[in-house]
Amino acid sequence: MKKLLSMILVFTLACTLLAGCGSSDGGDSDSEYKDTIVFCQGNDITTLDGSQAPQERSVALLNHIFDPLFVTDENFEIAPCLATEWEWQDGEKTLKVKLREGVKFHDGSDMTAEDVKFTLDLLQERGATFSGNYKDTEILNDYEVLIHLNAPNPALLNILSTAQTCIIPSDAYDPDAFALNPIGTGPYKFLESAEGDYYTLERFDDYWGEPAKTKYLTMRIVPEPSQRAILLETGEVDAAYGLSFNDLNRMKDDSNYTIYTSPSMKVILMELNCASDGPVGNPKVRRAIECAIDKDSIIESLLSGWGEPSKSIVSPYAKDYREMAVNEYDPELAKKLLAEAGYADGFELSLFTNSDQINSEIATVMQEQLAKVGITLKITVQDDNTTFSMVENGDDFDMILDFFQATSCHASYVFNDMLRSTAFNNYSRYYDKEFDSLLEKYSATAEGPEREELLNKIYDKIATDTPAIGLYIEYKTVATTSKMEGFHANHVGAHEFQNARVRK
């Protein structure tokens, strides 16, 4: 792990603001630099409408088109973007926000308070994370608003820093048209695309900050990691996301490439079916499963150190993260818990995973580790969409190898979107009234000792019930040509090319 941290110091540029909210010494690229930067990733985006695209695959492109009110800086603290000043009022139930003046949408219209109100009201209609807490937005003037809540919500600023809360133009928004031709306030505007192949953006010269340094930005969709590595090596792309650890290890010592690494909000984890009539329906069994897994060996043997063991289902870099009493690796304790649960003679479990090479290898290692405590693990490899449809249809299952990313950089995002009984992403089928009650009180309590006590109880509850098992924290890695300057890696995959350029 020390070697890995040293590597990060060598190869990492600090995490920065989302692409629309940095600064640049701008201007057109001169003759020494390319007029187009090309990067590639494995998965196609789901929509060009930033307000409906929370997935990392989409944010990787759309963060250059859209801006939110706030961003999180390199220290994971809230920083200004389209909002320049803010203060809590009315016992932290009202947020007064002053907006940046002189901001233009890509269609030439001015961004004003009307657009902010329209955006937040739209998120409320769609059932966004904070919608149950949101009351309304009051316009004071063109550049000041009051965001009224039904109860305090200290996580609101973090929620309003996510890409999904980007401000969209009230007069030009039509969901169908916007999904094909988006209009934002970011440093790049949409130019053209071929679905499943490429998307090209063009510098927005009326951007409220300094213009982007490179005129065009193209994202290519290349499913195979090995092919992405080849394209980088042949110079057909300037940056590649999601390369294999073998390729990263090979390139990090080659002067032709630079590996950028960022701390991450993404936790690779297993969701366990708490509503099962089988063994995993018993919390002692779920705790035993975690005690039987050697997370350190997974990091060292499979990830080549490109990650860190998880002590929670929340990233340690997220706000309101707390160390919790995790079920440490202890095979003997695992056997004891299984005996107490009535399964001393062992049993068979199923695990669903996708065909990703690392996931397959992790599943195999866990299969070997669980066998040592008497659990026979049956691995089923299938497409994620098939697995999630199965869960949503109410089909039976034991465990799913998955991930969850706190895009708001706040632990409450994990609690509310993954473990709350009514959460859409509650694939663990964790329906616990005590947890829901704690979460409701915590979410509506202002910062202070009472909120901290509730937070600790939430973590204790998660550790005891073990609805999900965090395996490791993923490191965000991007390989670029060494001719790249000014690129910044981002903690939720919204990597930033605004200040980047590539020497010819």
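Observations on the structure shown:
- Under 5 Å between amide hydrogens, built in the peptide plane, is the criterion, and for residue 100 it picks out 83, 84 among residues at least 5 positions away or on other chains.
- Viscosity 1.306 mPa s, temperature 10 °C, Stokes-Einstein D of the chain from Kirkwood C-alpha radius, µm²/s: 67 µm²/s
- The range 230-275 and the range 278-353 have their alpha-carbon centroids 25 Å apart.
- Environment charge of residue 194, counting only residues whose C-beta is closer than 12 Å and scoring Lys/Arg +1, Asp/Glu -1: -3
- The chain - percent relative contact order, Cα under 8 Å, separation 6 or more: 22 percent
- Volume in Å³ per residue [convex hull over Cα atoms, computed for the range 321-365]: 143 Å³
- Under the Debye formula (equal points on every Cα, no solvent term), log10 I(q)/I(0) of the range 50-100 at q = 0.13, 0.14, 0.22, 0.28 Å⁻¹: -0.42, -0.48, -0.92, -1.06
- For the range 481-486, putting each phi into the Karplus relation 6.51 cos²θ - 1.76 cosθ + 1.60 with θ = phi - 60° gives couplings of 5, 5, 7, 6, 10, x Hz, in residue order, rounded to whole numbers and with x for Gly and Pro.
- Rounded FRET efficiency, nearest 0.05, which uses the C-beta distance separating residue 249 from residue 345 and R0 of 60 Å: 0.90
- In sequence order, calculated HN-Hα J values of the range 201-213 (Karplus, 6.51, -1.76, 1.60; Hz; x Gly/Pro): 10, 10, 3, 9, 6, 9, 4, 5, x, 6, x, 4, 7
- Its relative contact order, with pairs defined as Cα atoms under 8 Å and 6+ residues apart, puts the range 281-432 at 24 percent.
- Residues with amide H under 5 Å from that of residue 292, placed H, sequence gap 5 or more: 330
- Relative contact order computed over the range 39-112 (Cα-Cα under 8 Å; 6+ residues apart), in percent: 15 percent
- Rounded, prolate or oblate (a/c below 1.5 giving rounded, otherwise prolate when a/b exceeds b/c) for the range 79-229 by Cα gyration tensor: prolate
- Compared with the alpha-carbon gap, the fully stretched path from residue 460 to residue 236 is longer by 75.6 nm at 0.36 nm per residue.
- Neighbourhood net charge (12 Å Cβ-Cβ; Lys/Arg +1, Asp/Glu -1) for residue 473: +2
- Shown in residue order for the range 300-309 are the 3J(HN,Hα) couplings computed by the Karplus curve 6.51 cos²θ - 1.76 cosθ + 1.60 at θ = phi - 60°: 6, 8, 10, 9, 6, x, 7, x, 9, x Hz (x for Gly and Pro).
- DSSP beta bridges in the chain [antiparallel fraction, %, rounded to 5]: 75 percent
- Heavy-atom surface of the chain, accessible at 1.4 Å and reported per residue (Å²): 40 Å²
- Crossing angle, helix 331-340 versus the chain [Cα axis fit, 0-90 degrees, rounded to tens]: 70 degrees
- Translational D in µm²/s for the range 252-406 (Stokes-Einstein at 25 °C, 0.890 mPa s, Kirkwood Rh from C-alpha pairs): 146 µm²/s
- Largest accessible area first, the listed residues 192, 125 line up as 125, 192 when surface is computed with a 1.4 Å probe on the assembled protein chains.
- Heavy-atom SASA rank of 33, 317 (probe 1.4 Å, accessible area, largest first): 317, 33
- Accessible area (Å², 1.4 Å probe, nearest 10) - residue 424: 150 Å²
- Calculated P(r) tail over 29 Å for the range 334-490, as whole % of Cα pairs: 34 percent
- Between residue 368 and residue 206, the contour length at 0.36 nm per residue exceeds the alpha carbon distance by 52.5 nm.
- Amide H within-cut-off set for residue 134, under 5 Å, with H built and near neighbours excluded: 150
- Local electrostatic count, residue 185, Cβ distance below 12 Å [Lys/Arg +1, Asp/Glu -1]: -2
- Taking 0.36 nm per residue of sequence separation and removing the Cα-Cα distance, the residue 104/residue 174 pair yields an extension gain of 23.4 nm.
- The calculated 222 nm mean residue ellipticity attributable to helices in the chain amounts to -8000 deg cm²/dmol, summing -39500 (n - 2.57) over DSSP H runs of n ≥ 4 and dividing by all residues.
- Protein heavy-atom surface of the chain, 1.4 angstrom probe: 45% of the accessible area is carbon and sulfur, with nucleic acids and ligands not counted.
- Solvent exposure of residue 262, expressed as accessible area, is near 0 Å², computed with a probe of 1.4 Å over the protein chains only.
The values are calculated or read from the model by the stated rules, or taken from the named source; none is laboratory data. If you're wondering where the values come from, they're calculated on a predicted model, not measured in any experiment. Virtual Cβ from ideal backbone geometry, glycine too; neighbours counted across all protein chains shown. What goes into the accessible areas is simple: the full protein's heavy atoms, side chains included, and nothing from ligands, DNA or RNA. Shrake-Rupley method; radii C 1.70, N 1.55, O 1.52, S 1.80 Å.
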